[in-house]
Every structure is written in C-alpha cells, then in structure tokens.
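Quick notes on the structure that follows.
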C-alpha cells in the first residue's frame, strides 16, 4: 500500500518549484536505476501553466530520455483549446529537449473507442508489463472529486481490464475523452496530486479524511507499490484536520 504524504504550501507560487524539483528528482532516480527512460504522465488544468513555468528553470534539465503520456485526453483536434497535448506542446515541449517521438499523443481523428484502443497500444512503450508502469503520474482533482476522466458514479470506476478506456458521456464537456483507468494509475511508482484554491477545500477534506457516501474517484488513488503525494496550498487545505507537512522555503521532498 502506498504511503501518503500531504504537503501544504502557502500558495501555488511556493508549490510550483517544489513540484518541478520532485519530478526531476524522480527522473534522476529512474535513469539511475537503469530503466533506460523516465516515464511521466501529465494532466491538464492548472498543471499545464505551473509545469511550463517551473520545469524549464530546473538546473541542468535534460529531458532527452523522458517519455511523456497523458493521464486523460479530450478527443478534439490538437489546435483546439481543450486539447491537453496542444496546450503542453505550445507552452512546455517547445522549451525542453524532449524528442517529439517520446510524446505519446492520441490520434484524435479516430472514433472515441478506437482512439482509446490505439492509445493503449502506444502506452506499451512505457514498460513491458501488461499494465504500463509509469515512474510519475501528475494528477489534478475536480470540485466533484474526479481525477483523470474518472467521474463519481461512472461505470468506468469499476474497469479492471482496459488500461485506457473511452468515455463518450463525460459530465464535463467535451463529452468524448480517453482516460487511464485505476489499474494503470495505481500501478505507478509515484503519483503526485496537485490541488490549489479555496474552492477545493470541501472536496479535499472528503477525499483525504473520508465522507458519508461512496469514496470519490480521487480517494481511490492508492498506488499498490508506489508513493502518493498531495501537494496543496493553504486555501485548499483550510478544512483539513489530519496531520500535514509544511516545508520551509527551499525544502525538497
């Protein structure tokens, strides 16, 4: 079972550099372990601007042996503002030396079910196991407690066979998406949630401390062999009563 660390920062300004440093540290560990590459799964939302600002400033950054996938993706053209790949391509990939062939993107021209099957095949480049094992997955959480495109009460929460699943009825637009499933998320060596802002405080409390009803999707993330970090800011942590870490300036995780 994963060991969970909840780390609280005064604001996202202090959180961002620590996130980038943590990703680079895990990249170094993966390459030092002789795995040949470092595999990173990205999510959209506020993570795009945070990573695009902080990652390129890391000293000695070398992404030439990184392989990047997406924890979920909207099935839209890459020039659509809803495309997570498109956002990262414009804001981050142009600033770092990651090979274009190492960015695993969906084929948005395919129907959603075929798109998911095609993407599942692409993720086999990450590792030789039946279920891809990512070194790091970066996740966000919606105000309803969803993560990836795994929404409360949706049948996909019980998916055990597919590594990437199609969703054509997303309660949040656009409706057509592909998403990693819990078997992939919970196989990762390290999962890092980033959650900021006061609007997340009620759902963060429910996810981390338990609620009355069924566990929300984000609460079901528990890497079987890996690390689990929650990096949050003070407004998001406002309702928490559990013990948290509050690192000082310049601290490393």
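Please treat every number below as a calculation from the coordinates, not as lab data. The shown structure was predicted, so the numbers you read here are calculated from the model rather than taken from an experiment. Please note: Cβ atoms are built from the backbone with ideal geometry, for glycine as well, and neighbour counts cover all protein chains shown.
A few notes on this one:
- Highest-fluctuation residue, 199, 64, 101 considered, GNM on the chain with Cα pairs under 10 Å: 101
- Sorted fewest first by neighbouring Cβ atoms within 10 angstrom, 230, 66 come out as 66, 230.
- Percent of Cα pairs exceeding the 17 Å cut-off, where the set is region 130-184: 35
- FRET efficiency, 1/(1 + (r/R0)^6) with R0 22 Å, evaluated for residue 253 and residue 225 via beta carbons: 0.75
- Region 149-187 versus region 66-145: alpha-carbon centroid distance in Å: 14
- According to the Cα-based calculation, Rg over Rh for region 1-129 is 0.97, with Rh computed by the Kirkwood formula.
- Residue 125/residue 245 FRET efficiency (R0 30 Å; Cβ-Cβ; nearest 0.05): 0.30
- A convex hull fitted to the Cα coordinates of region 1-71 yields 117 cubic angstrom per residue.
- In this simple spin-label model, placing a label point 7 Å from the Cα along the Cα-to-Cβ direction at both residue 110 and residue 158 gives a separation of 2.6 nm.
- Alpha carbon convex hull of region 64-162, volume per residue in cubic angstrom: 123
- Ranked for footprinting exposure by Cβ neighbours inside 10 Å, fewest first, 208, 156 give 156, 208.
- All-pairs alpha carbon distance profile, the chain, 5 Å steps from 0, percent: 1, 6, 14, 19, 21, 18, 13, 7, 2, 0
- Each DSSP beta bridge with both residues in the chain is either parallel or antiparallel, and the antiparallel ones are about 25%.
- Over region 170-253, the hull volume per residue, using the convex hull of the C-alpha atoms, is 141 Å³.
- Scoring 177-184, 120-127 by mean Cβ neighbours within 10 Å over their residues and listing the highest first yields 177-184, 120-127.
- Summary value for the chain: 27 percent relative contact order, contacts being C-alpha pairs under 8 angstrom separated by 6+ residues.
- FRET efficiency, 1/(1 + (r/R0)^6) with R0 45 Å, evaluated for residue 209 and residue 61 via beta carbons: 0.80
- Over all projection directions, the Cα-based convex hull of region 54-94 averages an area of 3.5 nm².
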